[in-house]
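To keep things clear, I will list the structure first and then write my remarks on it.
The values are calculated or read from the model by the stated rules, or taken from the named source; none is laboratory data. Note that the structure is a prediction, hence the values are computed from the model and not measured. Here the Cβ positions follow ideal geometry from the backbone for every residue, glycine too, while neighbour counts run over all protein chains shown.
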Amino acid sequence: MQERAFKRVTARLEANRMKHATNVSEMRQKKDRIEKKRSAHRAESAARQRVEEDALAAHMVLEEAENERKNAMMQRKREVQIEAQRERRAMRSSDAAAARKRRANLSDRHGTRAVTQIPEDGMPPRRGRGGRMRSRRAPMKRPTNRKIVHNAIVWVCLAGEHLKAQREPTLRAIDQCDASLNLIILFGSNKRLVFRGEL
């Protein structure tokens with residue numbers, strides 16, 4: 001009887017030990033699965049964060065390039081405006097110098113200090129009643145936007161080496177036009193038969 005009882009107790013202890021070992025093995029497997037899931041989640045989060053950082057960096061690079069392009073366009077526009085102002089000032093100064101020279105020649109010719117202007121036809125000013133000289137206004141030159149359009153085509157509209165084949169014939173056509181004419185730039189559309197003009 002004692003031997004049987006001992007065997008039953010031993011068998012029960014062995015069964016409990018096997019059950020405990022099984023439970024420990026299952027807990028370890030469950031812990032390993034949880035750790036693998038956590039590792040996969042951390043790797044996925046890190047990959048997602050790297051993708052977001054790369055996208056943000058690319059967006060910042062594109063935004064910086066766009067800002068640089070806008071700044072370059074504004075700088076070119078300012079340069080064109082400054083060049084146009086310089087040309088207008090030079091034209092005014094040359095016109096003023098020519099007018100002073102004509103007045104000086106007229107004074108020397110007639111022996112008087114009368115402030116008159118010689119017309120473009122070369123005829124001297126006419127005398128009125130009492131021998132007084134009547135001044136004749138010389139025709140003013142009409143302003144032209146040729147240089148402004150030239151700079152706009154070179155630096156803005158058709159800027160760059162890839163548009164050289166279109167830019168050169170355009171500049172030649174502008175040079176062949178009358179110097180006193182104002183020019184208009186037309187922008188065509190391939191989708192609709194419309195044009196948009198710029199002075």
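Is at least one residue of the range 36-45 touching a residue at least 12 places away in the same chain (Cβ under 8 Å) and of a type outside the set (A, V, I, L, M)?
Step one: of the range 36-45, the residues touching a residue at least 12 places away in the same chain (Cβ under 8 Å) are none.
Scanning the range 36-45, I find no residue that is touching a residue at least 12 places away in the same chain (Cβ under 8 Å) and of a type outside the set (A, V, I, L, M), so the answer is no.
Across the range 142-149, a minimum of one residue is classified as at pLDDT 85 or above and assigned to a loop (DSSP other than H, G, I, E, B). Of all residues in the range 158-187, those being closer than 28 Å to residue 69 by Cβ, at pLDDT 85 or above and not in a loop (DSSP other than H, G, I, E, B) number 12.
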